[in-house]
Amino acid sequence: MKISDAMVAAINDQIKAEFDSAYIYLAMSAYFEDAGLEGMAHWMKKQYKEEVEHAEKFIDYLYERGARVIIPEIAKPKESYADALEVFKTAYAHEQYVTSRIYKLVDLASGEKDYATLSMLKWYVDEQMEEEDNTGGIVSKLEFLGSDKHGTYIVDRELAAR
Ligand code: FEO
């Protein structure tokens, strides 16, 4: 079954969203490096790489379906934040937004009875659950320990292990 033009366009749009996400996290990593929070910088750099992988997975899927991939322009990310808590709150909200985008892709694929795309998207549905859990978990930890220097320092040490 040929993949529909609407599905190809929606996946190309998501490829852009994944690259935008990568850039957002790379900018967060740069912010943390500058603030001397190396564990958090390391965590965000890894997140950046994961997002590039998410984009590549969609790209490879379109290739597999014989569809045209459009390499997108990437939006300039925000550069500065008040503190680590604001960064992770932003990351958590961003992941919730990405989840809503993935669900819309699922809705589109369901409506079109595009079972191949649905099967591919299952990986992203599971991945989003994990991404929300990870970022939301760090927000809770910072809130619990306090986002002052002491709490931030403890979480920074922990995130160095990712
Ligand atoms: Fe690719 Fe973090 O969503």
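Taking the condition of a type in the set (Gly, Ala, Ser) and either under 15 Å from Asp156 (Cβ atoms) or part of a helix (DSSP H, G or I) (or both), does Ser21 pass? Taking the combined requirement at face value, the residue satisfies it.
Yes/no per residue for (1) of a type in the set (Phe, Trp, Tyr); (2) within 12 Å of the ligand (Cβ to nearest atom):
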| site | (1), (2) |
| --- | --- |
| Lys16 | no, yes |
| Asp20 | no, yes |
| Ala27 | no, no |
| Tyr31 | yes, no |
| Ala35 | no, no |
| Met40 | no, no |
| Tyr48 | yes, yes |
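Does Ile59 meet the test of being of a type in the set (Val, Ile, Thr) and part of a helix (DSSP H, G or I)? Show your work before the answer.
Working: of a type in the set (Val, Ile, Thr): yes; part of a helix (DSSP H, G or I): yes.
Taking the combined requirement at face value, the residue satisfies it.
Just one of the listed residues (Ser80, Ser110, Ser29) is in a loop (DSSP other than H, G, I, E, B), of a type in the set (Gly, Ala, Ser) and either within 30 Å of Arg157 (Cα to Cα) or touching a Leu at 6+ places or on another chain (Cβ under 7 Å) (or both), and it is Ser80.
Taking the criterion of being within 12 Å of the ligand (Cβ to nearest atom) and under 10 Å from the mean Cα position of the chain (by Cα), would at least one residue in the stretch 57-80 satisfy it? No.
Inspect the stretch 100-109 for any residue being among the small types (Gly, Ala, Ser), within 13 Å of the ligand (Cβ to nearest atom) and under 17 Å from the mean Cα position of the chain (by Cα) and give the result as yes or no. Yes: the stretch 100-109 contains one or more residues that are among the small types (Gly, Ala, Ser), within 13 Å of the ligand (Cβ to nearest atom) and under 17 Å from the mean Cα position of the chain (by Cα). The one condition from (1) away from the ligand (no atom under 16 Å from the Cβ); (2) acidic (Asp, Glu); (3) touching a residue at least 12 places away in the same chain (Cβ under 8 Å) that Glu131 does not meet is (1). For the stretch 62-84, the criterion of being crowded, with 16+ Cβ neighbours inside 10 Å, touching a Ser or Thr at 6+ places or on another chain (Cβ under 6 Å) and not acidic (Asp, Glu) is satisfied by at least one residue.
Each value in this text was obtained by applying a stated rule to the coordinates, not by laboratory testing. Keep in mind the model is a prediction, meaning the values are calculated, not measured. Quick reminder, even Gly has a Cβ in these numbers, built from the backbone with ideal geometry, and neighbours come from all protein chains shown.
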